[in-house]
Amino acid sequence: MRSLWLLSAAGVGLTIASCSVYSMDLLGLGGSTGTGAATSPSSTGGANGGGATSSTTTSSTSTTSSTTTSSTSTTSSTTTSSTSTTSSSGGAGPTLWISQLKTRGSNGGNDDWVEIYNPGSAPVTFDSTWALKVRNATLGLSGCATVLYATRFNGGGQIIPPHGHILYANSAGFSESATTMADGTYSSMLGIPDAASVILVRGNTLVDALCCYYDAATESTLACSGNAFTCSGTPVQNPHDNTTGTNDNASLERRPGGAGGNTMNTQDNAADFVSRTTADPHDLASTPVP
C-alpha cells in the first residue's frame, strides 16, 4: 500500500487512507462540493482550498523542512519526520463503505443509485463533510487527461446506525422505489456511468473507492497513467455495458451481501464485490445486518 500525502492551503499534511490503491488520483479530492461540476486544483488552492500555496522542501536522512504561504496568513514551520502512516479505517474518524452500486436499470441509464454501509459498532452522522464523487471512465484514454471527479451528493445529516445502510438515488427515479425509498437524491444530469471511479470522501480524506469497467477499453482507461483514477485494488467488471441491452436491474454488491451485511473489505474491488442479477437496495429504514 502506498502512503500519499496532500498539502492543504493551510499547509497541513493529510494522509489519504482506507484504500490499497490500483492508482491514486490526487486531483479527484479537489472536486466541487455539492454542485456536481468537475473542477481541478489551481494556483489559488483549488475548489476546496483557500489562498495560494507554495512549498519548499529540503530532505536529509531525518528531517524535512517546509515553508507554506497563504493569501490570508504566512506560516513557517520546520518538521522532523520519519515515515508517514496510513489507516485501513480511514483515519481517526468514522468509517463508511460503498456497499452496492447500480449504474442503470430497466428504466434506462438514469435508473441508478449508490448504497453506503456503516460497518462499525457506533452510529455515524452522514453530514455535509461526507461526499460521493464520480469520474467517468467511458471516454477512452483521451478522457484520462481531461475528465475529473465531480460530486454527486453530500451528506444531509442523517444518522446511519451500526450495520445500517443509506441509499442515494438518481432524481429521475429507480426501479426498486416501490419497496425501498431513497434517503437522498442527486441530479438526473449527473448519473453514474457504467465504467467509473466512485469515491467516498470525508473532508479531504479518502474513505473508500470503487472502480468498475465493462470491457477491455474501459479497463485500460482505469489503469491510465498520469492523471490516474482512484481505485481500491483491482477494478471489478460491471454487469452493465453502456448499452440498452443491459437495461436490467443487476448491481454490484459488497460481499457477503443480503442478510450477511456488507462486511468484506480486503481493499480489492474485484475480490470484495460480486455481481447480483437482481439488485437489493437498503435504506435507513432497512433492518441493520448482520
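Starting from the stretch 267-278, take each residue that is within 12 Å of ILE98 (Cα to Cα) and list its partners that are among the polar types (S, T, N, Q) and outside any strand (DSSP E or B), counting only C-beta distances under 9 angstrom and pairs at least six apart or across chains.
GLN267/SER18; GLN267/SER20; GLN267/SER88; ASN269/THR234; ASP272/ASN262; ASP272/ASN265; ASP272/THR266
Looking only at the stretch 149-156, decide whether some residue is among the basic types (Lys, Arg) and out of contact with any helix residue (DSSP H, G or I) (no Cβ under 7 Å at 6 or more places or on another chain).
Within the stretch 149-156, one or more residues are among the basic types (Lys, Arg) and out of contact with any helix residue (DSSP H, G or I) (no Cβ under 7 Å at 6 or more places or on another chain).
What is the one condition in (1) touching a Lys or Arg at 6+ places or on another chain (Cβ under 9 Å); (2) modelled with pLDDT of 95 or more; (3) polar (S, T, N, Q) that THR86 does not satisfy?
THR86 satisfies every listed condition except (2).
Listed here are the residues, each with its yes/no results for (1) modelled with pLDDT of 95 or more; (2) in contact with a helix residue (DSSP H, G or I) (Cβ under 9 Å, 6 or more places away or on another chain); (3) under 28 Å from THR146 (Cβ atoms); (4) of a type in the set (Lys, Arg).
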residue	(1), (2), (3), (4)
SER220	yes, no, yes, no
GLY226	no, yes, yes, no
SER232	yes, yes, yes, no
PRO239	yes, yes, yes, no
THR243	yes, no, yes, no
THR263	yes, no, no, no
GLN267	yes, no, no, no
ALA270	yes, no, yes, no
PHE273	yes, no, yes, no
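Within the stretch 198-290, which strands (runs of 3 or more DSSP E) (wholly inside it) include 2 or more residues that are buried (at least 22 other Cβ atoms within 10 Å of the Cβ)?
Here the list reads 205-213, 251-254.
What number of residues within the stretch 119-146 satisfy the criterion of being at pLDDT below 95 and either of a type in the set (Val, Ile, Thr) or under 19 Å from VAL207 (Cβ atoms) (or both)?
The number of residues fulfilling the criteria is 1.
Identify all residues within the stretch 144-157 that are exposed (fewer than 15 other Cβ atoms within 10 Å of the Cβ) and either β-branched (Val, Ile, Thr) or part of a strand (DSSP E or B) (or both); write none if there are none.
THR146, the sole residue that qualifies.
The values are calculated or read from the model by the stated rules, or taken from the named source; none is laboratory data. Here the structure is a predicted model, which is why all the values come from computation and not from measurement. Reconstructed Cβ throughout: ideal geometry from the backbone, glycine too, with neighbour counts over all protein chains shown.
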